[in-house]
Amino acid sequence: MHLHRPCLVLVPDTFVSLSDSTLAAGGQRADTTSLLVQCILEEFESVPVEPVLRKYWSDAAGLEFINQLCVEDDERAATLVTVSNKYYALSAASALFKHAETKLNTRFASASLLIRYVQVEGTMMIDPETARNLELVSNMTSKRSSHSLFGILNHTYTAMAARLLRVTLLAPITVQSAIDARLDVVEELVQTEECFHEIKDALKMLNKLDFDKLISSLAASEARETSSAKAAAGRVTQMLNLRSIVQCMPILAKALQGSQTQLLQIIQEMVSDERLAKIEQLVSNSLNENSMLHKGGLGAVNAKVYAVKANYDRLLDVARETYKENIGDIFTLNSELVQEHNLPFTLVYQDSGFVFTLKKADLEGELPPGFVNVTSRKGKWVFSSVDLKKRNARMKDALDETLILSEKIIQDIVADIVIDIGALYKASEAVALLDMLWSFAHASILRNYVRPEFTGTLAIKAGRHPILEGVQAAGTLVPNDVYCCEASSFQIIQGPNMSGKSTYLRQIGLLTIMAMSGCFVPAEYGSFRVHDALLTRLSNDDDMEKSLSTFANEMASSAMILGLATADSLVLIDELGRGTSPNEGVGISHAIAEHLIKLRAYVFFATHFNELVTTLSRQPSVVNLHLSVQKTRHTTTNFGMRFEYRIMDGAQENMSHYGLDLARLADLPADVISEARRVSERLTAIEAKKNEESRSTKVAVRRKALLRLKTQLTQALDHSTLPDEDLIAYVARFQTDIMRVLQETL
Ligand SMILES: Nc1ncnc2c1ncn2[C@@H]1O[C@H](COP(=O)(O)OP(=O)(O)OP(=O)(O)O)[C@@H](O)[C@H]1O
């Protein structure tokens, strides 16, 4: 549900208590409301939940609706077969269409809707909490801020592409051939400037147009006949928008001519469908060439009145003539009054009709008698007269008449268009994908991203946090490397507070999502693995505020991670075990870590617990890293250390005194601090001694070296493109390394 941002949630009426027929978001709920509905209300606070009669949730009716409404294209048969035994999907479809009919007064033409059954497979699972913490689609502190991955990558022109981008970031694809096809397109766009600009110009013409909405409103008609002038005006606007869209398709197709990548060629085919030209013909035959869309005022009204060509329908021509005469009458009335009073009245068109206006500066004394509804606005008098009102009413009648007649004509055209509506859906999909990939290319050029590879090893050289890159002052962001393979699948990351641990973890998640979405990545080089899930336990400020529930939260997300993680998952854990006593924290963290190590998922585990380094490092696939910090002279602002934000090999040393430095900054009495230091140094010394004794036994070292050798050899076998001679030299180096380790650990 998070993927598609619901605007309204329908539930069976038996799920909500009888007392509240419409549940306002966050409203009072009686106990009889089902747990599911309660969860939905909590999770989607601002989304209204509305009950639909239980009898409308019928799988048979759902299948009937789909059978009747699904567009006649090559996927129709497959869709019908796939959904035929999906009880819940069918019941929900039935309730949805019944709701449209009974509450929204909307009925769809047969074979007019694109209906697909989309499997969840084929995308990476990202839970909503992770999406929030990584700021995938919205900033955590301010909803309006564009500092999110979506904000950084969104340069789309159309609403469908923005929606596709959102869904892509929340559920990146896991089919490697599909990712590669997207990357090929982005690469071609980045490299061929001319094609890049031509596509941009064509997309610009579609600026802010939403095909999908337009197409479904073409397919919809009112369930009960209430033909109003307002609805008629809406229809005319739809047709004018539709014409802009179909006219733009040949331009887009031309921009794509000669493209090298397969995906761009497919997109070109989809937007060159001859049925689109047929639709263009239908619209052009009946609509005026030059009836462009106006924003408001009389221009906008006239655009609708004159949208249908002259001589197309006799009655319409007559109605328009009347309308024109009525407007003429109003202008005549104005000139007469100007002459009579010798005052420069002007006419202004408002929704309710014409009114007179007069600049206050042009009037000495009072308005002449006989005017009504006098108001003052921005230095002007605005007013009417009985005569003007009468003429307005006549004009309005004529206007309504023309719009209703126009709508009748347009209804007939729409009926013809609906036959080929499948082509419009295809074009919409094609444009959305193209617009999104163009947007990726644009972001890649702007910020110097590189094309990622998929090799199974996670190797990033000089990776940059994409969101921080947009916020930090130029030159202050420290790029970092990542290297994670089977032999080093569990990485412990240490560093004092504020040293950049979370940023490092988040950067790994964000870059993986970008790569799997088919976008270039902010790094000098990036190699990735296709993951089935991105699972995280990331701390954020929210948690701190609700510190009481931190532990419960931690355990809930840990349970989720343990339940869902597989060998192909990417797991990011930031400071587990903070919400409980240190001993318990270490115990729980250790147990969870061991489970993940056994699973062989790729795990990045940031922790403050030194003990974990000791207990976990014996395992062959565990690697220790830390974020470097330099001791400096103590000042009031730097706590005596300078953060370098650079990831380094090996465990962190001497972290314990950092807390003491902080304490001194907080003005703790000197004797308390010196006692704390004495105890802390003794404890550190004892701990160090213990660590020394137990630290990585020789067996562990050998095991680790052998595992590394295995990965290096497999990789060389799978991916090396070196000439034989160099490959031999390369492999010989492994031999020297392993011999050295074996001798040292005899
Ligand atoms: N690579 C980097 N380059 C530049 N600045 C960075 C980098 N990484 C982190 N920072 C800065 O350091 C601040 C703290 O980073 P971060 O929150 O990642 O630290 P942390 O070690 O996770 O801290 P804590 O343990 O308190 O959660 C960030 O807000 C950011 O401004």
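The values are calculated or read from the model by the stated rules, or taken from the named source; none is laboratory data. It should be emphasised that the depicted structure is a prediction, and the values quoted were computed from it without experimental measurement. Here Cβ is always computed from backbone atoms with ideal geometry, including for glycine, and neighbour counts include all displayed protein chains.
Structure summary
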quantity: Number of positions in segment 304-321 that are free of Cβ contacts under 8 Å to residues at least 12 places away in the same chain and in a helix (DSSP H, G or I); calculated: 4
quantity: ALA111, sole failed condition from (1) out of contact with any strand residue (DSSP E or B) (no Cβ under 8 Å at 6 or more places or on another chain); (2) among the hydrophobic types (A, V, I, L, M, F, W, C); (3) on the phi > 0 side of the Ramachandran plot; calculated: (1)
quantity: Among residues of segment 448-493, those that are within 12 Å of the ligand (Cβ to nearest atom) and in a loop (DSSP other than H, G, I, E, B), counted; calculated: 10
quantity: In segment 142-165, the residues that are charged (D, E, K, R) and free of Cβ contacts under 8 Å to residues at least 12 places away in the same chain; calculated: LYS143, ARG144
quantity: Long-range neighbours under 8 Å by Cβ, at least six apart or interchain, first residue closer than 23 Å to PRO452 by Cβ and touching a residue at least 40 places away in the same chain (Cβ under 8 Å) within segment 498-513, second among the hydrophobic types (A, V, I, L, M, F, W, C) and near the ligand (Cβ under 6 Å from one of its atoms); calculated: GLY500/VAL478
quantity: Segment 723-739: number of residues that are surrounded by 13 or more Cβ atoms within 10 Å (Cβ to Cβ) and of a type in the set (A, V, I, L, M, F, W, C); calculated: 4
quantity: Qualifying positions in segment 161-208 - assigned to a loop (DSSP other than H, G, I, E, B) and either of a type in the set (Lys, Arg) or surrounded by fewer than 20 Cβ atoms within 10 Å (Cβ to Cβ) (or both); calculated: THR174, VAL175, THR192, ASN207, LYS208
quantity: Segment 623-652 - residue that is at pLDDT 70 or above, closer than 21 Å to SER680 by Cβ and in a loop (DSSP other than H, G, I, E, B) and, of those, nearest to the ligand (Cβ to nearest atom); calculated: GLN652
quantity: Positions within segment 282-307 being at pLDDT 85 or above and among the β-branched types (Val, Ile, Thr), in sequence order; calculated: VAL283
quantity: Per-region count, segment 219-255, residues hydroxyl-bearing (Ser, Thr, Tyr) and modelled with pLDDT of 80 or more; calculated: 1
quantity: Residues of segment 572-610 satisfying the condition of being away from the ligand (no atom under 16 Å from the Cβ) and not in a helix (DSSP H, G or I); calculated: THR580, SER581, ARG600, ALA601, TYR602, VAL603
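Yes or no, residue by residue, for (1) outside any helix (DSSP H, G or I); (2) over 23 Å from ALA303 (Cβ atoms); (3) of a type in the set (Lys, Arg):
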{"position": "ARG394", "(1), (2), (3)": "no, no, yes"}
{"position": "ASP397", "(1), (2), (3)": "no, no, no"}
{"position": "SER406", "(1), (2), (3)": "no, no, no"}
{"position": "ILE409", "(1), (2), (3)": "no, no, no"}
{"position": "ILE413", "(1), (2), (3)": "no, no, no"}
{"position": "ILE417", "(1), (2), (3)": "no, no, no"}
{"position": "TYR425", "(1), (2), (3)": "no, yes, no"}
{"position": "ALA430", "(1), (2), (3)": "no, yes, no"}
{"position": "MET436", "(1), (2), (3)": "no, yes, no"}
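Quick grid of which residues meet (1) at pLDDT 90 or above; (2) touching a Phe, Trp or Tyr at 6+ places or on another chain (Cβ under 8 Å); (3) surrounded by 18 or more Cβ atoms within 10 Å (Cβ to Cβ); (4) of a type in the set (A, V, I, L, M, F, W, C):
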| residue | (1), (2), (3), (4) |
| --- | --- |
| MET1 | no, yes, no, yes |
| THR14 | no, no, no, no |
| ALA30 | no, no, no, yes |
| SER34 | no, yes, no, no |
| ARG54 | yes, no, no, no |
| LEU80 | no, no, no, yes |
| TYR87 | yes, no, no, no |
| SER94 | yes, yes, yes, no |
| SER112 | no, no, yes, no |
